[in-house]
Amino acid sequence: MDRAASPSLIPFAAALGAVAAAFLFLVPAARSDTSTVVWTTPTPKDQASFTVDHGKRVTLKLAAATSAGAGIVHIAPAQKFPTGVSFNSSDGLTASASFGWTPEAAGVYKLKFTASLVGSTGVVAPSLTYVVHVKGPAYPLKTTLTDSKVARWSQVLARAVVHTQPKASARAVTRLDTMTTDGTHNIVLVLEQQQTSPTQTWYRVRLPILPNNSTGWVQSTALGPLYTVHTHLYVDRAHFTITLKKDGKTIFKSIVGVGRSIWPTPRGDFYIRDKLTSFHDPFYGPIAFGTSARSDTLTDWPGGGFVGVHGTNEPQILPGRVSHGCIRMPNAAILKLARLLPVGTPLTVR
């Protein structure tokens, strides 16, 4: 015979069922999230390629949202960025991000981004990869350093071979010493700079050698810092005048004596190489400037026959063709010029 359920057990079973039902309401249902994260405008397409010059800024705008239109989306880099990148992102129903970068070196760089639903480990958009081709400078890079108004000069710090072209395999023109025959530090007028690689720079310099007006190329490592002058000295042999200009404007003028016809002052472009004072011989006046110009006829003179600009103890012979090639002027004039004329100034003799 079936046994009837005990009346005392029925209320307990009902209570247990009620508790179990309540418990089911407290446990979240397993997530069956069918939403996805998608990239939206203005995001560039995956594998897009960009080509820029080094030093030019690269910018990208990204946006992503869920296909269901619900949930907070976050955009992040998927790998480490190059140095100097700025990246800002804003989470939301539609997340946005901005990328900015000014590359300093040439090369090929890959940028990778992800977008995901906050709080979910499986709801992500396909990652995006962009390729940035950064173009380096087109070597050689050429820069003019000296013109009629502005000039650059530098001290020779180490003995160096000067070449006909900006490369070590080119023919040698001469060798630069660190000191002049006057016992002063040797300097050169720097006309042009040519960067042949990221690590190598050459300077085209005016040379204190014969034939006059010679130039050549020397590696920058042999020279010191570049100094700038805004002056230019002109000598007119036909009218026996000397003129100093600063930024193209005349600031000094005087009569001069130049070389006799058998010892002419050379014509061409030179520079002021050094400044000498405290002479014991009044023949040269109180101050003299050494130049890179050399006599074409007195090559056997001590020191190589360099042309100077100096005073004289015979002002009555000026102006005229009175010297062995040097440029003479009254002592009062050379003293005034000395206050205005820096070493490294270009000199043009017409």
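For Ile251 and Phe283, what is the calculated FRET efficiency with R₀ set at 30 Å and r taken between the beta-carbons, to the nearest 0.05?
After rounding to 0.05, the efficiency reads 0.60.
State to the nearest 20 debye the size of the charge dipole of the range 141-229 about its Cα centre, where the only charges are +1 on K and R beta carbons and -1 on D and E beta carbons.
On the way: 9 positive and 4 negative charges, 45 e Å.
Roughly 220 debye for the range 141-229.
FRET efficiency for Ile72 and Ala106, Cβ-Cβ distance as r, R0 = 35 Å, nearest 0.05? Walk me through the numbers on the way to the answer.
Numbers: r = 39 Å, r/R0 = 1.13.
E between Ile72 and Ala106, to the nearest 0.05, is 0.35.
Apply 1/(1 + (r/R0)^6) to the Cβ-Cβ distance of Lys135 and Tyr234, taking R0 = 41 Å, and write down the FRET efficiency to the nearest 0.05. The partial results should precede the final answer.
On the way: r = 44 Å, r/R0 = 1.06.
Once the sixth-power term is evaluated, E becomes 0.40.
How many nm is it between the label spots at Trp301 and Ser127, if each spot is 7 Å from the Cα in line with the beta carbon?
7.6
When ranked by the protection proxy of mean other Cβ atoms within 10 Å per residue, highest first, what sequence do the peptides 260-266, 332-338 form? Before the final figure, lay out each step's value.
Working: 260-266: 15.7, 332-338: 17.9.
Those peptides, ordered most packed to least, come out 332-338, 260-266.
Counting pairs of alpha carbon atoms under 8 Å apart in space and at least six apart in sequence, what relative contact order in percent does the range 27-131 give? Mind dumping the intermediate values first?
On the way: 232 pairs, mean separation 34.2, N = 105.
About 33 percent, as a whole number.
Only the coordinates and a few stated rules stand behind these numbers; no lab work does. If you're wondering where the values come from, they're calculated on a predicted model, not measured in any experiment. Heads up, the Cβs are rebuilt from the backbone with ideal geometry, glycines too, and the neighbour counts pull from every protein chain shown.
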